[in-house]
Amino acid sequence: MPGCLEIGGQTFHLTWLRDNCTCPHCRDPSSFQKLFDISLVRRPPGMQHHAIDGDTLHIVWDESPPHESRYALTWLARQPTRIVSVEQQIPPVLWRAETWGRQHLPWHTLPAESAESQTWQDDLLRLGFVLFRDVELDALDRFVSSIGPIHYTEYGRFAHIRSSSGAQDLSESGCALTPHTDYSTYMHTAPLLQFLYFKVNAANGGETVLVDGFQAATDFRRDHPEAFSILVETPIEFQQFYQGWRYHFIRRRPIIELNEAGDISGVFFGHSHCFNWKLAPERVDAFYEAYVAFFRYLKHPDYQLVVKLQAGECVAVQNGRLLHGRRAFDPTSGDRHLIDAYVPWEYFIARLNFLRDQADFCADSCVDSCVPTSPIPAGRMMA
């Protein structure tokens, strides 16, 4: 194929090879950010010659002065089939409430040192949630901070939720909360990894409700394809009005999002925040028919895992897949102190990507150096 090299049965375009030279002249050896500017050379780039020497491909580029690139063959072999993100390596395992009658809940012990030293991540990626027991608040703080920067909210670094007569939010009341995702409906915030930790949970009622939004949306797509399409294609208005804090958040987004392959990649729902003021009158009936039908799926017992978390227990959820809610509780029956903490989901994924990919970005994995005028080594030389 013109402008390409066949290496080990795989095809590599010359432009890609030149653009991805890993030498310290072309990429910063610490950050691996590109220093080389592909727009300054002719396209496609031309080769003077190339050779394979042992486990390394050498290319001398037809530039002034000539530039030599070296690529480890093992590194090259991984690139065509390389999965961009760890998130794609571990596909979601969808679940309903009945799933947890057949298998144990994903309980873990909070890692003592660092979030990256344990295997709890696989459960979170597969199931969208994990549970931790015997957690102290200081240990939770260290653990969450080891994943990434804390996402501050109007509550501050952590949100301390207790019922009160002057509640500014439904979460501070004793009423039931239907399944929802926090913040991502009415704010332009990145998807979040959310931790819900009970310092005290002595009130009657108030069980935590978890719903696999991907499972509910998958079933809804199968049963009501036209209604599903409406929820995917219709941006609607979500709002949060804070009288005490003097904020009014407004965002428009669809309830269900798909990725490039057409798979469900996000479910963002919160009935208490959904206002729909911008719907055209002729679309209201069709939208609400779809909206109400999906809302009933989320509230159906078949999809709801109900668990009474005790003091010192915590659930971590992928906010954007897992919806959470609670049953009503009696604030006079005992203290209930819930602490919320958030980390951008991207930091969690980025740490796992780093642990997987760090060898590819280390100097010794891609051949640590090459200089513009170094001679081509003895080997299988090709013009």
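The values are calculated or read from the model by the stated rules, or taken from the named source; none is laboratory data. Note that the coordinates shown come from a computational prediction; the quantities given were computed from them, not determined experimentally. Note: ideal-geometry Cβ built from the backbone for every residue, glycine included; neighbour counts use all protein chains shown. Quick note on the areas: whole protein, heavy atoms, side chains included, nothing else; ligands and nucleic acids left out. Shrake-Rupley method; radii C 1.70, N 1.55, O 1.52, S 1.80 Å.
Some notes on this structure:
- Selection over region 238-290 of residues that are under 30 Å from residue 84 (Cβ atoms) and either without any contact (Cβ under 8 Å) to a residue 40 or more places away in the chain or among the aromatic types (Phe, Trp, Tyr) (or both) gives a count of 15.
- Close pairs from region 330-359: first closer than 25 Å to residue 88 by Cα, partner part of a strand (DSSP E or B) and among the aliphatic types (A, V, I, L, M), Cβ under 6 Å, at least 6 apart: 342/192; 343/193; 345/192; 345/193; 348/193
- In the condition set (1) more than 17 Å from the chain's Cα centre (by Cα); (2) at pLDDT 95 or above, residue 266 is compliant with all but (1).
- Being modelled with pLDDT of 95 or more, in a loop (DSSP other than H, G, I, E, B) and open to solvent by 20 Å² or more (accessible area, probe 1.4 Å) holds for only one residue in 293, 311, and it is 311.
- Among the residues of region 106-129, just one is over 21 Å from residue 92 (Cβ atoms), of a type in the set (S, T, N, Q) and either modelled with pLDDT of 95 or more or in contact with a strand residue (DSSP E or B) (Cβ under 9 Å, 6 or more places away or on another chain) (or both), namely 109.
- The strands (runs of 3 or more DSSP E) falling completely within region 1-100 that include 2 or more residues that are crowded, with 18+ Cβ neighbours inside 10 Å and of a type outside the set (Val, Ile, Thr) map to 47-53, 56-61, 67-72.
A quick yes/no check of all residues on (1) within 17 Å of residue 312 (Cα to Cα); (2) outside any helix (DSSP H, G or I); (3) in contact with a Leu (Cβ under 6 Å, 6 or more places away or on another chain):
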| position | (1), (2), (3) |
| --- | --- |
| 144 | yes, no, no |
| 182 | no, yes, no |
| 185 | no, yes, no |
| 200 | yes, yes, no |
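- When region 183-204 is filtered for residues that are open to solvent by 20 Å² or more (accessible area, probe 1.4 Å) and not basic (Lys, Arg), the ones remaining, listed by number, are 187, 188, 189, 190, 191, 200, 202, 204.
- Of the residues 329, 268, 354, the single one that is more than 26 Å from residue 232 (Cβ to Cβ), touching a Gly at 6+ places or on another chain (Cβ under 8 Å) and not hydroxyl-bearing (Ser, Thr, Tyr) is 329.
- Any hit, region 343-356, residues being surrounded by 13 or more Cβ atoms within 10 Å (Cβ to Cβ), at pLDDT below 90 and more than 17 Å from residue 162 (Cα to Cα): yes
- Residues of region 155-180 that are closer than 19 Å to residue 247 by Cβ, open to solvent by 40 Å² or more (accessible area, probe 1.4 Å), modelled with pLDDT of 90 or more and part of a loop (DSSP other than H, G, I, E, B): 155, 157.
- Scope region 12-28; condition touching a residue at least 60 places away in the same chain (Cβ under 8 Å) and under 21 Å from residue 82 (Cβ atoms); matching residues: 12, 21, 22, 23
- Within the span defined as region 267-277, every residue fails to be more than 18 Å from residue 178 (Cβ to Cβ) and surrounded by 14 or more Cβ atoms within 10 Å (Cβ to Cβ).
- A count restricted to region 37-60 and to residues that are over 13 Å from residue 19 (Cα atoms) and out of contact with any strand residue (DSSP E or B) (no Cβ under 7 Å at 6 or more places or on another chain) stands at 2.
- Hits in region 299-308 (condition: touching a helix residue (DSSP H, G or I) at 6+ places or on another chain (Cβ under 9 Å) and assigned to a loop (DSSP other than H, G, I, E, B)): 300
- Yes/no for residue 104 being without any contact (Cβ under 8 Å) to a residue 12 or more places away in the chain, out of contact with any Asp or Glu (no Cβ under 8 Å at 6 or more places or on another chain) and assigned to a loop (DSSP other than H, G, I, E, B): yes
- Candidate set from region 1-50 (those that are small (Gly, Ala, Ser) and within 22 Å of residue 360 (Cβ to Cβ)); member that is nearest to the chain's Cα centre (by Cα): 31
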